[in-house]
Amino acid sequence: MNVLVTGGAGYLGSHACLKLLEEGYGVVALDNLANSNSKSLERVQKITGKTLKFYEGDILDREVLGRIFSEQKIDFCIHFAGLKAVGESVQKPWEYYNNNITGTLTLLDEMRKAGVKNIIFSSSATVYGDPAQIPITEECPKGSCTNPYGWTKSMIEQILMDMYKADNEWNIVILRYFNPVGAHQSALIGEDPKGIPNNLMPYVTQVALGRLPQLGVFGGDYDTPDGTCIRDYIHVLDLIDGHVKAIKKLEDNSGLSIYNLGTGHGVSVLELVENFIKATGVDVPYVMKDRRAGDIPVCYSDPSKAERELGWKAQYGVFEMCRDAWNWQMKNPKGYEEE
Ligand code: NAD
Ligand code: WQD
């Protein structure tokens with residue numbers, strides 16, 4: 001069985017390529033390297049001792065998609081490709097809608113032309129907006145997103161649902177990720193954001209490294225036990241394991257399904273920092289700052305549907321997430337860039 005992994009060179013995509021190779025799947029990765037480095041895929045091949053096929057190209061480019069489907073026998077697609085910086089999406093809405101939505105529409109069209117109608121889509125807990133209930137189940141109504149990035153996820157979900165309604169030869173799994181962090185234990189692949197990180201864990205690892213002076217904690221006056229926001233951090237290896245389980249589901253012609261991928265445990269910003277210091281022995285100086293616009297106080301999943309239907313449950317805790325994120329950052333202080 002062969003899997004097309006769009007966005008395969010990225011943070012989550014590279015971990016997926018690695019796991020799929022280990023599980024015996026053939027892997028075809030497509031990435032335009034807009035936010036990644038092809039070294040991630042070289043390292044995936046080094047770790048596994050197996051080869052994958054890499055196409056440097058864009059999901060908006062019908063020629064490259066057509067070439068992939070004619071040159072390779074693809075059984076499933078895991079669709080990670082997309083732009084994901086929340087703040088940037090507010091500045092560049094057209095670029096985000098075009099890349100993420102037009103890109104997905106183009107991919108879906110080329111897939112159906114090629115008769116490949118099995119797809120796993122990377123969605124996000126952001127589609128719940130300010131969630132109507134905690135913990136968040138898949139039945140929780142989708143909410144109003146605070147940024148174009150979030151809307152692209154919400155709209156693509158709707159597109160996939162309507163495509164399925166019109167043609168139930170499609171098998172579609174929508175996975176709503178909570179907050180993926182950590183890295184493969186080899187410390188050869190990991191998260192490598194360009195510029196100053198927006199997300200908490202890469203910011204923490206760069207402060208620990210001394211590349212950034214201190215962490216700003218966005219808001220200490222939320223209605224939470226320690227006043228800081230609560231999130232559901234999930235180890236990237238658990239998250240990717242959920243995708244392998246989702247492929248098995250597609251193999252059963254499962255139609256359309258939606259799952260949360262989270263641990264079900266809420267962790268505050270300060271708890272994450274404490275865990276990081278405990279797991280690594282490295283200090284992380286921080287200062288309290290004002291709230292960040294658009295942040296919701298509490299967001300964590302009820303992941304029981306994925307456990308019931310996919311037989312999937314997260315195995316790693318925050319300690320391992322911090323340990324592995326740090327190992328990667330420490331051994332690759334500039335990410336995939338040469339020292
Ligand atoms: P990433 O930026 O590391 O990976 C995305 C990859 O897609 C990058 O390698 C980028 O170069 C590629 N890409 C972007 N536009 C493309 C295009 N038009 N054609 C081909 N390739 C393109 O991000 P990630 O963290 O690995 O996220 C993967 C997916 O998961 C994204 O869709 C993201 O929105 C989604 N997601 C991520 C998180 C998270 O916190 N990391 C949370 C929820 C959802
Ligand atoms: C986590 C917590 C911040 C940085 C975002 C996207 C979501 C999904 C995952 C991806 C919050 C606090 C952060 C810092 C801080 N996206 N924080 N100081 O906002 O839950 O989710 O990433 O593709 O769609 O919205 O994650 O890591 O940015 O923040 O105090 O320097 O850490 O306020 O409470 P978030 P995050």
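Within the shell defined by Cβ-Cβ distances under 11 Å, the residues around Arg62 carry a net charge of -3, with Lys and Arg each +1 and Asp and Glu each -1. The angle separating the long axis of helix 200-209 from the principal Cα axis of greatest extent in the chain is about 60 degrees. Mind checking which lysines have their Cα closer than 19 Å to the Cα of Lys53? Skip sequence neighbours fewer than 8 apart in that chain. Leaving aside lysines fewer than 8 places away in the same chain, those within reach of Lys53 are Lys19, Lys39, Lys73. For segment 1-122, the square roots a ≥ b ≥ c of the C-alpha gyration tensor eigenvalues yield an a/c of 1.5 or more together with a/b not exceeding b/c, which makes the shape oblate. Return, ordered by residue number, the residues of segment 215-254 whose backbone nitrogen is under 19 Å from a label point located 7 Å along Cα→Cβ of Asn199. Residues 215-218, 229-244 qualify, since their backbone N sits under 19 Å from the label point.
Extending 7 Å from Cα along the Cβ direction at Asp167 and again at Asp226 yields two label points whose distance is 5.0 nm. The distance separating the Cα centre of segment 155-213 from that of segment 227-260 comes to 11 Å. Each label was represented as a point 7 Å from its Cα along the Cα-to-Cβ direction; for Glu71 and Thr137 these points are 4.7 nm apart. Roughly how tilted is helix 148-166, in degrees to the nearest 10 and between 0 and 90, from the longest Cα axis of the chain? With both axes taken from Cα atoms, the answer is about 30 degrees.
Using only the Cα atoms of segment 204-264, build the gyration tensor, take square roots of its eigenvalues as a ≥ b ≥ c, and label the shape rounded, prolate or oblate: rounded if a/c is under 1.5, else prolate if a/b is larger than b/c, else oblate. Oblate is the answer for segment 204-264, as a/c is 1.5 or above yet b/c matches or exceeds a/b.
If you fit an axis through the alpha-carbon atoms of helix 103-113 and take the longest principal axis of the Cα set of the chain, what angle between them do you get, 0 to 90°, nearest 10? The angle comes out at about 30 degrees. Rg/Rh for segment 138-215 to two decimals, with Rh computed the Kirkwood way over all alpha-carbon pairs. Rounded to two decimals, Rg/Rh equals 1.12. For the pair Leu33 and Thr106, label points projected 7 Å from Cα toward Cβ lie 1.8 nm apart. Length available on full extension from Gln185 to Ile277: 0.36 nm per residue minus the Cα-Cα distance, which gives 31.3 nm. I need the shape label for segment 230-289. Rule: rounded when a/c is under 1.5, else prolate if a/b > b/c, else oblate, with a, b, c from the alpha carbon gyration tensor. Prolate, since a/c reaches 1.5 and a/b exceeds b/c. Near Gly220: Cβ cut-off under 15 Å, other residues only, Lys/Arg at +1 and Asp/Glu at -1. The net charge is -4.
Rg and Dmax of the chain, both derived from C-alpha coordinates alone, stand at 19.1, 56 Å.
Summing Lys and Arg as +1 and Asp and Glu as -1 over all other residues whose Cβ lies under 10 Å from the Cβ of Leu310 gives a net charge of +3.
Only the coordinates and a few stated rules stand behind these numbers; no lab work does. Predicted, not measured: the structure shown is a model, and the values here were computed from it. FYI the Cβ positions are ideal-geometry reconstructions off the backbone, even for glycines, and counts take in every protein chain you see.
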